[in-house]
Amino acid sequence: MSDTATAHHEDGHKSLIIDNKKLLMWLFLGSDCMFFGTLISTHLIYRKINPTEIDPTVNLFSLELTSFSTFILLMSSFLMALAVSAMHKGQIKSFRRNVIGVIFFGLIFLGCQVYEFTEFVHLGLKLDTGTFGSTFYLMTGTHGVHVAIGIFWLICMYFYSYTGKMDAHESAVDVEVAGLYWHFVDIVWIIIFTVVYLIEFIGK
Amino acid sequence: MSQADYNPLPVSPAVDHSGENEKYHVFVNLALVLAAITGVELVLVYLPFNKAFIFTVLVSLSMFKFVAVIAWFMHLIYDKLMLTLAFGTGLVIAAGTYTALLFLFSTDYVAPHEIPGIIPPGM
């Protein structure tokens, strides 16, 4: 038997040379794409068939704040990529530094979203304020919940790194899987930022 | 504090990390490009250009950011094709859902009062 085949025999949870955890995460992200796809589609369709319901560019959307949130989330993705890279090299201290950065940026993003929602409610846009309010809060709120879950996951990983139970290979895969989730949250926001916020401002 | 706070994780000395070091520069460059694109997008919507042109540029930039994060930050270009297929399937279905809904709820075929949640004017 070749070395590669023997290695696969020994490592029972691997199949087709792809780590099962990674494959499962990618499949989950594929299904989450469909989930967010329907949420974003619903918002856009209602926006198209009912364009005069509300003009969010007038005293509602703050493009500067949303751009700042987008920038923060992109930078958190960058730090997450560095955290995964550090884990692959077995550099636990570097991993912790980067993960703390990701958590910090994630909390800033959530803070911005809470501030934005509070402002919108004060301005009269609530969950039951027509189809715009319903679809907007459902879509961005679901994304916010994903961010919160990601932050919780990373906080757990951060504290787990102090137990001394992490090993270079297994933990690198675990961190990579958490990283995939975090990057996914980022790419969903890239789409929401463009199709929900930026496009509303064209020609205003 | 435990010993694990200070010591790096045990890794085999035979492991070559040159690939990871190369990735570091890729990640830094990509982060700069993504930040710059976000700035460009913000400025672009206020410019007095043709709407269709700005729309096309915004969607293109967004697609670039989307693909770049997936390809490099999520390591998809370094990973197996099966992972691309696993994710791509979901992505295609999501895009298909939007396209199908766009046709199904096209105002050319459906009157506004037939759509749930829409109250026609005067009612």
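Could you check which residue among A:Thr66, A:Thr135, A:Thr38 shows the biggest mean-square fluctuation in a GNM of chain A with a 10 Å Cα cutoff? Greatest mean-square fluctuation among the candidates belongs to A:Thr38. For the peptide A:80-92, the mean number of other protein chain Cβ atoms found within 10 angstrom of a residue's Cβ is 6. Length gained on full extension, A:Asp128 to A:Phe152, computed as 0.36 nm times the residue gap minus the Cα-Cα distance: 5.7 nm. Within the assembled protein chains, the solvent-accessible surface assigned to A:Asp174 is about 50 Å², based on a 1.4 Å probe. When chain A is treated as a GNM with alpha-carbon contacts under 10 Å, the residue of A:Tyr46, A:Tyr181, A:Tyr137 showing the greatest mean-square fluctuation is A:Tyr46. For the residues of B:64-76, the average number of beta carbons from a partner chain within 10 Å of their own beta carbon is 6. Taking Cα centre as origin and charging only the Cβ of basic (Lys, Arg, +1) and acidic (Asp, Glu, -1) residues, the dipole magnitude of region A:19-201 rounds to 480 debye. Per residue, the convex hull spanned by the Cα atoms of chain A measures out at 134 cubic angstrom.
Protection proxy ranking of A:115-124, A:70-79, B:46-55, A:86-95, by the mean of other Cβ atoms within 10 Å over each peptide's residues and highest first, is A:70-79, A:86-95, A:115-124, B:46-55. Surface composition of region A:19-201: carbon plus sulfur atoms hold 70% of the accessible area, using a 1.4 angstrom probe and ignoring ligands, DNA and RNA. Farthest toward the positive end of the dipole of region A:19-201, out of A:Leu198, A:Leu107, A:Thr42, is the Cα of A:Leu107, where the dipole comes from beta carbon charges about the Cα centre.
If you plug the beta carbon distance of A:Lys165 and B:Val33 into 1/(1 + (r/R0)^6) with R0 = 41 Å, you get a FRET efficiency near 0.65. Note on A:107-117: average number of Cβ atoms from other chains within 10 Å of each residue's Cβ is 0.
For A:Lys89, the lysines whose Cα comes closer than 18 Å to its Cα, not counting residues fewer than 8 places off in the same chain, are A:Lys165, B:Lys23.
Dividing the C-alpha radius of gyration of region B:22-115 by 2.2 N^0.38 Å, with N its residue count, gives 1.46.
The values are calculated or read from the model by the stated rules, or taken from the named source; none is laboratory data. Remember, it's a predicted structure, so these values are computed and weren't measured experimentally. Using ideal geometry, Cβ is built from the backbone for each residue, glycine included, and neighbour counts are taken over all protein chains shown. Note: areas computed on protein heavy atoms with side chains; ligands, DNA, RNA excluded. Shrake-Rupley method; radii C 1.70, N 1.55, O 1.52, S 1.80 Å.
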